[in-house]
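What follows is a set of notes on a single structure, which appears directly below.
Please treat every number below as a calculation from the coordinates, not as lab data. The model shown is predicted, which means the values in this text are computed figures rather than measured ones. Reconstructed Cβ throughout: ideal geometry from the backbone, glycine too, with neighbour counts over all protein chains shown.
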Amino acid sequence: MSDWSLNGTRIFVQKFSGNVKAIVAKLQPLKGGTVYQDFGYETNVRKIVGIVVGDTDLEALKELTENGGTAYTLSSPEGDRGSYYVESVAEDREPVVVQTMRPDLDCDAPVYSVEIVLLEEI
């Protein structure tokens, strides 16, 4: 659970999900059935829900949204999960008095719940 990182920034992942979909146009003629036209597919969209400890790590993740065209490596306990563009990072500060997840940081370091949306690099 704790060995996840995005571009080297540590994330305590609680949920890792994905979504793929086809791009299909539906034509509704006046007579006859629906006609479908396939225009390909969207790349895999991943969502990470987890915990980030410390302002430095949170800011590092948020800065990844500012480097358009740059893909970053997502690592997990199983190894590299691929390269992704960071579409968005949403955060909520948790009301934590003492954090023990990151012993390398101060015990009063802020703790954030994050939701990160990633677009898979092709």
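Let me know the longest stretch in the chain that avoids all trypsin sites (Lys or Arg not before Pro) found in a DSSP loop with at most 11 other C-beta atoms within 10 Å. With a cap of 11 other Cβ atoms within 10 Å, the longest stretch comes to 32-122.
Mind running the shape call on the chain? Use the C-alpha gyration tensor, a ≥ b ≥ c as the square roots of the eigenvalues: rounded below 1.5 for a/c, prolate if a/b tops b/c, oblate otherwise. Here the chain falls in the prolate category.
By the rule of a C-alpha distance below 21 Å, with chain neighbours fewer than 8 residues away ignored, the lysines paired with Lys21 are Lys47.
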